[in-house]
Amino acid sequence: MEARDALRATAAVAGRAATLKACGIAAVLFVVGLLVLGLIGATTIKPAAADACGGRGTPGTDLEDLEDGKPSGGPSRAEQKTNAKIIDKVAASGGLSGRATLIGLMVALQESSLLNLDHGHADSIGLFQQRPSQGWGTREQIMRPKYAASMFYFGDDDGDPRGLTDVPQWESKDVRTLVREVQRPDASTLDLYVVQESLARQIADQAGINLDRKGTAAAETGNPGPPPVGNADRPQSPEECYPDTDGKGGAPGNPFYDGNSSWPASVKNPRSAEDAIRWARREAETGSKQWLRWCLRFVAAAYGRKSAGSRFAIGHYRSMPEQMKHDGDRNPPPGALMYWDTGSEAGHVALYLGNGKIASNDIKRAGYIDVVEATDIETKWGSTYLGWAPPYFPRGG
């Protein structure tokens with residue numbers, strides 16, 4: 001196909017490097033005398049709902065994190081609009097309609113949050129999380145947004161993998177069917193692509209993209225017009241986004257949402273959850289380089305303690321009473337302690353601040369505390385999320 005070859009010939013390399021890290025925990029201070037403790041009141045915060053549910057195995061993105069500019073720890077809406085324009089240009093150059101652009105934006109939002117990711121599930125990369133091992137091209141090719149979009153729309157020359165236009169009468173078919181034919185995801189995730197429509201339309205509007213554009217192929221065949229893509233006028237709850245996970249939030253890389261849970265009466269610390277969060281944020285803003293490999297000591301300090309009473313983060317989580325451990329639950333309440341398996345005996349723990357953010361050491365600057373997305377521990381370090389627990393330090397000083 002000459003048009004496709006021309007598009008690929010003009011593709012520009014785009015990508016971002018990711019740094020894989022590992023986090024270990026050094027031994028903390030010995031237990032000193034117990035402090036006089038005060039009971040923490042219940043923390044009640046409305047769970048956050050996301051307009052984009054986020055991809056499985058890839059970072060999820062909420063609208064509040066995507067204003068123009070680049071807030072700390074979050075991607076920029078400008079990057080999304082740039083990628084949206086590339087997708088639209090590829091579709092328009094191939095004579096495809098505005099509906100093709102809309103479908104491309106919805107798929108890219110679900111797969112990568114419309115960001116040109118250099119990581120993902122298995123060997124998935126790029127805007128559409130295409131896999132070199134499945135014939136979508138080399139890693140270098142897929143990381144070029146124009147090439148990735150061209151493959152999504154037109155597929156390979158031999159028809160395997162197939163693109164959107166390789167699906168017979170694609171203009172008249174619903175998004176679930178098209179995604180099943182092109183992306184071939186798990187059947188339980190098909191609805192997740194549909195709920196990206198409202199955000200896709202918003203980004204298209206901001207990028208000046210005409211989604212009502214008529215395609216030359218539709219005009220030639222006399223297609224009466226595309227059916228509605230889907231209905232996503234309201235934000236989706238975690239349970240609606242991930243119906244197969246009992247509301248726990250799903251696979252690695254899925255977004256974290258604010259839960260609503262009060263601490264058991266036995267959880268007592270010198271600081272309340274609200275005070276611990278304020279202290280952690282101040283430490284991120286003005287703190288010194290003293291937390292290298294001391295994540296457990298940091299979360300204990302946030303709650304006003306001199307020690308956690310455990311040597312390692314994983315050991316601390318495993319020693320929690322069973323009723324306090326929330327294995328795999330991606331809906332922690334603000335102030336909760338979140339734990340990851342890093343592949344070492346130590347593991348990692350961070351303080352959940354709310355709205356998908358954590359205060360963590362060593363993630364951006366060695367030894368310092370920074371406020372980052374909770375998903376960063378998985379997507380940047382390759383760690384396995386274990387779950388969350390209240391700030392319980394029965395042997396802490």
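Details
- With respect to (1) surrounded by fewer than 21 Cβ atoms within 10 Å (Cβ to Cβ); (2) part of a helix (DSSP H, G or I), the lone exception for Phe152 is condition (1).
- When residues of region 164-202 are limited to those that are more than 18 Å from Tyr153 (Cβ to Cβ) and among the aliphatic types (A, V, I, L, M), the one modelled with the lowest pLDDT: Ala187
Rundown of residues vs (1) within 17 Å of Trp340 (Cβ to Cβ); (2) open to solvent by less than 20 Å² (accessible area, probe 1.4 Å); (3) out of contact with any Leu (no Cβ under 7 Å at 6 or more places or on another chain), yes/no style:
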{"residue": "Asp275", "(1), (2), (3)": "no, no, yes"}
{"residue": "Thr286", "(1), (2), (3)": "no, no, yes"}
{"residue": "Gln290", "(1), (2), (3)": "no, no, yes"}
{"residue": "Trp294", "(1), (2), (3)": "yes, no, yes"}
{"residue": "Tyr303", "(1), (2), (3)": "no, yes, yes"}
{"residue": "Arg311", "(1), (2), (3)": "yes, no, yes"}
{"residue": "Met320", "(1), (2), (3)": "yes, yes, yes"}
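- Counted as qualifying within region 266-377 are the helices (runs of 4 or more DSSP H) with 1 or more residues that are aliphatic (A, V, I, L, M) and over 26 Å from Asn254 (Cβ atoms), namely 295-302.
- Residues (under 19 Å from the mean Cα position of the chain (by Cα) and in contact (Cβ under 8 Å) with a residue 40 or more places away in the chain) located in region 127-164: Leu127, Phe128, Gln129, Met143
- Within region 187-197, being in contact (Cβ under 8 Å) with a residue 40 or more places away in the chain and either open to solvent by 70 Å² or more (accessible area, probe 1.4 Å) or farther than 18 Å from Ser97 by Cα (or both) holds for Ser188, Thr189, Asp191, Leu192, Tyr193, Val194, Val195, Gln196.
- Per this entry, Asp362 is not counted among residues that are closer than 19 Å to Glu378 by Cα, charged (D, E, K, R) and either open to solvent by 30 Å² or more (accessible area, probe 1.4 Å) or in contact with an Asp or Glu (Cβ under 8 Å, 6 or more places away or on another chain) (or both).
- Any hit, region 118-127, residues being open to solvent by less than 10 Å² (accessible area, probe 1.4 Å), out of contact with any helix residue (DSSP H, G or I) (no Cβ under 6 Å at 6 or more places or on another chain) and more than 21 Å from Asp160 (Cβ to Cβ): no
- Selected residue (only one of Ala389, Ala350, Ala374 is of a type in the set (A, V, I, L, M, F, W, C), open to solvent by less than 10 Å² (accessible area, probe 1.4 Å), closer than 21 Å to Trp263 by Cβ and without any contact (Cβ under 8 Å) to a residue 60 or more places away in the chain): Ala350
- Of the residues making up region 343-381, those that are under 13 Å from the mean Cα position of the chain (by Cα) and at positive phi are Asn355, Gly356.
The values are calculated or read from the model by the stated rules, or taken from the named source; none is laboratory data. Source: prediction; values computed, not measured. Cβ sites come from the backbone with ideal geometry, for glycine too, and all protein chains shown count toward neighbours. To get the accessible areas, we keep the full protein, side chains included, count just its heavy atoms, and leave off ligands, DNA and RNA. Shrake-Rupley method; radii C 1.70, N 1.55, O 1.52, S 1.80 Å.
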